[in-house]
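A quick write-up on the structure given underneath.
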Amino acid sequence: MMEKPTRESIKTQETNTWCPGCGNFGVLRALQSAIVDLELPREQVILVTGIGCHGKIFNYVNVNGFHGIHGRVLPVMTGIKLANHDLTVIGHAGDGDQFDEGLGHFPHAARRNIDVKLFTHDNKVYGLTTGQTSPTSIQGYVSKTTPKGAFPPRIEPLQLALASKASFVARGSVTDVNHLKELMKAAIQHKGFAFIDILQVCFTFNRVQNYQFYRDRVYKLEERQHDATDYYAALHRAEEWGDRIPIGIFYQEDRPVYRSSMSQLEKTPLVKQSFRTEDLTELFKEFA
Ligand SMILES: Cc1ncc(C[n+]2csc(CCOP(=O)(O)OP(=O)(O)O)c2C)c(N)n1
Ligand code: SF4
Ligand SMILES: [Mg+2]
């Protein structure tokens with residue numbers, strides 16, 4: 001009999017090594033509360049993380065998981081979900097992790113509608129390696145790797161997700177942890193690929209996108225009559241970055257998940273199916 005998680009059982013005893021004031025604390029609180037609110041049995045939740053400060057969240061949530069390698073959150077999540085689609089598979093990636101090293105995996109997981117939940121800690125720097133410019137850093141951003149300012153325009157994760165036909169696209173902010181928790185709950189309950197780009201403050205290295213920066217700019221889409229079923233309205237909102245920055249669900253669509261295209265996965269998860277061994281000698285002779 002699987003037990004409901006509680007505020008206590010969802011925590012681990014690991015010593016937290018994030019810098020004091022790091023936005024990752026808010027992401028952690030939102031995730032733990034979302035799992036508790038949804039009463040997801042801890043055994044059924046698989047947490048996959050990349051490499052970076054974000055990846056340490058793996059140590060602080062008492063569920064099953066896989067702390068992977070840099071940029072490979074999505075392939076690991078895809079494999080787990082296809083092997084056992086009864087599990088809730090949640091991935092936490094960094095902006096560098098997902099949109100530099102792991103970029104190529106993103107559009108394919110999204111367009112295939114793999115039923116996994118991807119939450120990026122978008123602090124707009126490489127945090128763990130001490131603050132270098134990342135693909136989501138604002139143009140002109142000064143760091144050790146771009147002392148004269150980042151030359152190219154940044155990647156906007158929401159635009160990328162929408163262009164890749166992700167079926168759930170949202171943005172949250174660590175300046176509103178309760179709102180972020182509700183977004184996570186909606187993403188987890190969504191059937192299909194769900195993506196939340198989280199505005200996560202790197203308190204130590206990002207001196208530009210700090211708490212005040214977001215507090216001054218962030219507004220909620222749900223308070224502006226945004227229609228999350230309207231793809232072009234979502235694209236339009238995803239363009240908005242400046243004095244005002246929208247958070248909330250930009251787009252949500254009900255679409256068959258990838259697994260439904262595989263007849264062998266229709267009823268039972270792969271791990272629960274019996275497998276037979278066959279003598280392939282005759283088959284191999286055809287290629288001799
Ligand atoms: C293939 C590979 N390249 C580079 C590194 C070194 N590395 C470790 S963490 C990191 C930066 C992580 O930045 P981000 O993904 O934004 O995560 P954050 O620390 O900001 O949470 C890098 C470049 C690595 N571990 N593996
Ligand atoms: S370096 Fe930045 S992202 Fe990493 S723990 Fe410190 S404040 Fe957080
Ligand atoms: Mg980062």
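The values are calculated or read from the model by the stated rules, or taken from the named source; none is laboratory data. All values reported here derive from a predicted model rather than from experimental measurement. In this analysis, Cβ positions are derived from the backbone assuming ideal geometry, glycine residues included, and neighbour counts consider all displayed protein chains. Surface areas here come from the heavy atoms of the whole protein model, side chains and all, with no ligands, DNA or RNA. Shrake-Rupley method; radii C 1.70, N 1.55, O 1.52, S 1.80 Å.
Condition check ((1) away from ligand 1 (no atom under 15 Å from the Cβ); (2) among the small types (Gly, Ala, Ser); (3) modelled with pLDDT of 95 or more; (4) over 23 Å from Val76 (Cβ atoms)) across all residues:
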| residue | (1), (2), (3), (4) |
| --- | --- |
| Thr6 | yes, no, yes, yes |
| Cys22 | no, no, yes, yes |
| Phe25 | no, no, yes, yes |
| Leu31 | no, no, yes, no |
| Gln44 | yes, no, yes, no |
| Gly55 | no, yes, yes, no |
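Go through region 184-205 and report how many residues are under 17 Å from Gln98 (Cβ atoms) and in contact with a strand residue (DSSP E or B) (Cβ under 6 Å, 6 or more places away or on another chain).
The qualifying residues number 9.
Please specify each residue of region 90-137 satisfying the condition of being more than 14 Å from ligand 3 (Cβ to nearest atom) and among the β-branched types (Val, Ile, Thr).
The answer is Ile90, Ile114, Val116.
For the condition within 13 Å of ligand 2 (Cβ to nearest atom) and β-branched (Val, Ile, Thr), what is the one hit in Ile46, Ile51? Can you show your working first?
Details: Ile46 fails: within 13 Å of ligand 2 (Cβ to nearest atom).
It is Ile51.
Please enumerate the residues belonging to region 212-234 that are more than 16 Å from ligand 3 (Cβ to nearest atom) and in contact (Cβ under 8 Å) with a residue 40 or more places away in the chain.
At the first step, the residues of region 212-234 found to be more than 16 Å from ligand 3 (Cβ to nearest atom) are 212, 215-234.
Residues satisfying the conditions are Arg215, Val218, Lys220, Tyr231, Ala234.
Of everything in region 225-262, what is open to solvent by 90 Å² or more (accessible area, probe 1.4 Å) and at pLDDT below 95? Give them in sequence order.
The first filter runs over region 225-262 and keeps only residues open to solvent by 90 Å² or more (accessible area, probe 1.4 Å), leaving 225, 229, 232, 236, 239, 243-244, 254, 256.
Within region 225-262, Gln225 is the sole residue that qualifies.
Please state which of the following conditions Glu266 fails to meet, knowing it meets all the rest: (1) within 19 Å of the chain's Cα centre (by Cα); (2) more than 30 Å from Gly149 (Cβ to Cβ).
The single condition Glu266 does not satisfy is (1).
Could you tell me which of the residues Ile90, Ile51 is of a type in the set (Val, Ile, Thr), within 12 Å of ligand 1 (Cβ to nearest atom) and in contact (Cβ under 8 Å) with a residue 60 or more places away in the chain?
On the way: Ile90 fails: within 12 Å of ligand 1 (Cβ to nearest atom).
That would be Ile51, the only listed residue that is of a type in the set (Val, Ile, Thr), within 12 Å of ligand 1 (Cβ to nearest atom) and in contact (Cβ under 8 Å) with a residue 60 or more places away in the chain.
Having 1 or more residues that are open to solvent by 10 Å² or more (accessible area, probe 1.4 Å), within 21 Å of Leu270 (Cα to Cα) and among the aliphatic types (A, V, I, L, M) is the bar; report the helices (runs of 4 or more DSSP H) wholly within region 1-102 that clear it. Before the answer, list the steps.
Numbers: elements: 24-37, 57-60, 73-83.
The helices (runs of 4 or more DSSP H) meeting that bar are 73-83.
Find the residue count for region 130-141, including only residues that are surrounded by fewer than 15 Cβ atoms within 10 Å (Cβ to Cβ) and either within 14 Å of ligand 1 (Cβ to nearest atom) or aliphatic (A, V, I, L, M) (or both). Let's see the steps before the verdict.
Looking only at region 130-141, we keep the residues that are surrounded by fewer than 15 Cβ atoms within 10 Å (Cβ to Cβ), and these are 130, 139-140.
Subsequent filtering for residues that are either within 14 Å of ligand 1 (Cβ to nearest atom) or aliphatic (A, V, I, L, M) (or both) retains 130.
Residues flagged as surrounded by fewer than 15 Cβ atoms within 10 Å (Cβ to Cβ) and either within 14 Å of ligand 1 (Cβ to nearest atom) or aliphatic (A, V, I, L, M) (or both) within region 130-141 amount to 1.
Does Leu82 satisfy the criteria of being away from ligand 2 (no atom under 16 Å from the Cβ) and either among the polar types (S, T, N, Q) or touching a residue at least 40 places away in the same chain (Cβ under 8 Å) (or both)? Even if it seems obvious, please write down each step before you answer.
On the way: away from ligand 2 (no atom under 16 Å from the Cβ): yes; either among the polar types (S, T, N, Q) or touching a residue at least 40 places away in the same chain (Cβ under 8 Å) (or both): yes.
Criteria met by Leu82.
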